[in-house]
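The values are calculated or read from the model by the stated rules, or taken from the named source; none is laboratory data. Since this is a predicted model, take the numbers as computed values, not measurements. Positions of Cβ are generated from backbone atoms using ideal geometry, with glycine treated the same way; all protein chains shown enter the neighbour counts. Only protein heavy atoms, including side chains, enter the accessible area calculation; ligands, DNA and RNA are left aside. Shrake-Rupley method; radii C 1.70, N 1.55, O 1.52, S 1.80 Å.
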Protein chains: 2
Amino acid sequence: MQRISAAADDTGYLIALGQAIRALRKERGFSQEALAHEAHIDRSHMGKIERGERNVTILNIVRICLILGCAPSQLLVHAEEGSRSG
Amino acid sequence: MQRISAAADDTGYLIALGQAIRALRKERGFSQEALAHEAHIDRSHMGKIERGERNVTILNIVRICLILGCAPSQLLVHAEEGSRSG
(Lines give C-alpha, C1' and ligand atoms only; values in the text may rest on other atoms or scores of the structure.)
Protein backbone atom coordinates (compact mmCIF):
# COMPACT_ATOMS: atom_id res chain seq x y z
CA MET A 1 0.00 0.00 0.00
CA GLN A 2 1.37 3.35 -1.02
CA ARG A 3 1.62 5.97 1.68
CA ILE A 4 1.22 9.66 1.05
CA SER A 5 4.15 11.51 2.52
CA ALA A 6 2.42 14.50 4.05
CA ALA A 7 4.42 14.65 7.28
CA ALA A 8 6.43 17.73 6.33
CA ASP A 9 3.35 19.66 5.20
CA ASP A 10 1.50 18.57 8.33
CA THR A 11 4.21 19.94 10.60
CA GLY A 12 4.17 23.16 8.63
CA TYR A 13 0.42 23.49 9.11
CA LEU A 14 0.68 23.02 12.89
CA ILE A 15 3.43 25.63 13.11
CA ALA A 16 1.52 28.13 10.96
CA LEU A 17 -1.65 27.54 13.00
CA GLY A 18 0.21 28.06 16.26
CA GLN A 19 1.69 31.29 14.94
CA ALA A 20 -1.76 32.48 13.84
CA ILE A 21 -3.18 31.76 17.31
CA ARG A 22 -0.29 33.57 19.01
CA ALA A 23 -0.58 36.60 16.71
CA LEU A 24 -4.35 36.87 17.24
CA ARG A 25 -3.98 36.40 21.00
CA LYS A 26 -1.46 39.24 21.23
CA GLU A 27 -3.64 41.42 18.99
CA ARG A 28 -6.51 40.86 21.43
CA GLY A 29 -4.28 41.66 24.42
CA PHE A 30 -4.43 38.23 26.06
CA SER A 31 -1.52 36.62 27.88
CA GLN A 32 -1.03 32.96 27.06
CA GLU A 33 -2.06 32.13 30.63
CA ALA A 34 -5.28 34.17 30.40
CA LEU A 35 -6.27 32.61 27.08
CA ALA A 36 -5.55 29.10 28.36
CA HIS A 37 -7.63 29.82 31.47
CA GLU A 38 -10.58 31.29 29.56
CA ALA A 39 -10.56 28.52 26.96
CA HIS A 40 -10.20 25.81 29.64
CA ILE A 41 -7.02 24.47 28.09
CA ASP A 42 -4.03 23.44 30.18
CA ARG A 43 -1.45 26.23 30.07
CA SER A 44 1.48 24.05 29.04
CA HIS A 45 -0.71 22.44 26.35
CA MET A 46 -1.52 25.95 25.08
CA GLY A 47 2.19 26.71 24.85
CA LYS A 48 2.72 23.57 22.80
CA ILE A 49 -0.22 24.44 20.53
CA GLU A 50 1.28 27.89 19.86
CA ARG A 51 4.65 26.32 19.06
CA GLY A 52 3.04 23.85 16.65
CA GLU A 53 3.99 20.90 18.83
CA ARG A 54 0.49 19.55 19.36
CA ASN A 55 -2.11 18.19 16.97
CA VAL A 56 -4.86 20.47 18.25
CA THR A 57 -8.47 19.30 18.11
CA ILE A 58 -11.22 21.22 16.39
CA LEU A 59 -13.03 21.78 19.71
CA ASN A 60 -9.96 23.42 21.20
CA ILE A 61 -9.75 25.59 18.09
CA VAL A 62 -13.44 26.48 18.54
CA ARG A 63 -12.87 27.33 22.23
CA ILE A 64 -9.80 29.47 21.47
CA CYS A 65 -11.69 31.29 18.71
CA LEU A 66 -14.70 31.85 20.99
CA ILE A 67 -12.47 33.70 23.45
CA LEU A 68 -10.55 35.61 20.78
CA GLY A 69 -13.70 36.57 18.86
CA CYS A 70 -12.75 35.00 15.55
CA ALA A 71 -14.42 32.37 13.38
CA PRO A 72 -12.40 29.11 13.29
CA SER A 73 -12.38 29.31 9.49
CA GLN A 74 -10.85 32.79 9.68
CA LEU A 75 -8.11 31.60 12.03
CA LEU A 76 -7.25 28.89 9.49
CA VAL A 77 -7.20 31.48 6.71
CA HIS A 78 -4.55 33.37 8.72
CA ALA A 79 -2.62 30.13 9.27
CA GLU A 80 -2.74 29.26 5.56
CA GLU A 81 -1.63 32.77 4.56
CA GLY A 82 1.23 32.56 7.04
CA SER A 83 2.24 29.11 5.82
CA ARG A 84 2.29 30.32 2.20
CA SER A 85 4.26 33.52 2.87
CA GLY A 86 6.66 32.22 5.52
CA MET B 1 -14.35 29.85 38.77
CA GLN B 2 -16.96 30.62 36.16
CA ARG B 3 -17.30 28.10 33.39
CA ILE B 4 -18.30 29.01 29.89
CA SER B 5 -21.08 26.76 28.76
CA ALA B 6 -20.06 26.07 25.20
CA ALA B 7 -20.95 22.39 25.09
CA ALA B 8 -24.07 22.83 22.97
CA ASP B 9 -22.28 25.04 20.44
CA ASP B 10 -19.36 22.63 20.38
CA THR B 11 -21.57 19.68 19.51
CA GLY B 12 -23.21 21.78 16.83
CA TYR B 13 -19.83 22.60 15.33
CA LEU B 14 -18.79 18.94 15.16
CA ILE B 15 -22.07 18.01 13.47
CA ALA B 16 -21.81 20.86 10.97
CA LEU B 17 -18.19 19.97 10.22
CA GLY B 18 -19.08 16.33 9.68
CA GLN B 19 -21.88 17.32 7.32
CA ALA B 20 -19.52 19.60 5.40
CA ILE B 21 -16.99 16.77 5.03
CA ARG B 22 -19.69 14.36 3.86
CA ALA B 23 -21.11 16.85 1.36
CA LEU B 24 -17.68 17.63 -0.10
CA ARG B 25 -16.75 13.94 -0.22
CA LYS B 26 -19.89 13.11 -2.21
CA GLU B 27 -19.35 16.11 -4.47
CA ARG B 28 -15.87 14.74 -5.23
CA GLY B 29 -17.24 11.25 -5.89
CA PHE B 30 -15.49 9.48 -3.02
CA SER B 31 -17.03 6.68 -0.99
CA GLN B 32 -16.46 6.98 2.73
CA GLU B 33 -14.23 3.92 2.56
CA ALA B 34 -12.10 5.37 -0.24
CA LEU B 35 -11.65 8.71 1.53
CA ALA B 36 -10.74 6.98 4.80
CA HIS B 37 -8.21 4.81 2.94
CA GLU B 38 -6.62 7.72 1.05
CA ALA B 39 -6.47 9.94 4.14
CA HIS B 40 -5.10 7.10 6.30
CA ILE B 41 -7.96 7.37 8.76
CA ASP B 42 -9.66 4.32 10.22
CA ARG B 43 -12.94 3.78 8.38
CA SER B 44 -15.13 3.59 11.47
CA HIS B 45 -13.41 6.72 12.82
CA MET B 46 -14.24 8.47 9.53
CA GLY B 47 -17.89 7.50 9.94
CA LYS B 48 -17.90 9.00 13.43
CA ILE B 49 -16.23 12.18 12.17
CA GLU B 50 -18.93 12.58 9.49
CA ARG B 51 -21.65 12.07 12.11
CA GLY B 52 -20.09 14.69 14.38
CA GLU B 53 -19.32 12.08 17.03
CA ARG B 54 -15.57 12.65 17.16
CA ASN B 55 -13.48 15.66 18.12
CA VAL B 56 -11.40 15.57 14.95
CA THR B 57 -7.81 16.81 15.02
CA ILE B 58 -6.50 19.50 12.72
CA LEU B 59 -4.10 17.04 11.08
CA ASN B 60 -6.97 14.73 10.15
CA ILE B 61 -8.81 17.76 8.74
CA VAL B 62 -5.67 18.64 6.74
CA ARG B 63 -5.40 15.05 5.45
CA ILE B 64 -9.08 14.91 4.47
CA CYS B 65 -8.80 18.27 2.72
CA LEU B 66 -5.64 17.19 0.90
CA ILE B 67 -7.53 14.27 -0.63
CA LEU B 68 -10.67 16.28 -1.38
CA GLY B 69 -8.74 19.21 -2.86
CA CYS B 70 -10.03 21.88 -0.51
CA ALA B 71 -8.29 24.27 1.88
CA PRO B 72 -9.03 23.42 5.53
CA SER B 73 -10.22 27.01 6.06
CA GLN B 74 -12.70 26.59 3.21
CA LEU B 75 -14.06 23.37 4.69
CA LEU B 76 -14.66 25.25 7.96
CA VAL B 77 -16.40 28.05 6.05
CA HIS B 78 -18.82 25.42 4.68
CA ALA B 79 -19.30 24.00 8.19
CA GLU B 80 -19.99 27.45 9.65
CA GLU B 81 -22.43 28.31 6.87
CA GLY B 82 -24.20 25.00 7.46
CA SER B 83 -24.28 25.53 11.20
CA ARG B 84 -25.78 29.03 10.76
CA SER B 85 -28.42 28.05 8.21
CA GLY B 86 -29.36 24.67 9.69
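The accessible area of A:Glu38, taken with all protein chains in place and a 1.4 Å probe, comes to roughly 80 Å². Looking only at the range B:44-67, which residues have a backbone nitrogen under 18 Å from a spot 7 Å from the Cα of B:Thr11 in the C-beta direction? Hits in the range B:44-67 for B:Thr11 at 18 Å: B:48-56. If the chain linking B:Glu81 and B:His37 were pulled fully straight, counting 0.36 nm for each residue of separation and taking away their Cα-Cα distance, it would gain 13.1 nm. Here B:Lys26 is the anchor, and the aspartates and glutamates within straight C-alpha reach of less than 15 Å, apart from those fewer than 8 places off in the same chain, are B:Glu38, B:Glu50. In the assembly of identical copies, A:Ala34 has its label point, taken 7 Å from Cα in the direction of the beta carbon, separated from the corresponding points by 5.0 nm (ascending, one decimal). A simple spin-label model places the labels of A:Ser44 and B:Glu27 4.2 nm from each other, with each point 7 Å out along Cα-to-Cβ.
Shortest first, B:Asn55 label-point distances to identical copies amount to 1.5 nm, with the label point at 7 Å from Cα along Cα→Cβ.
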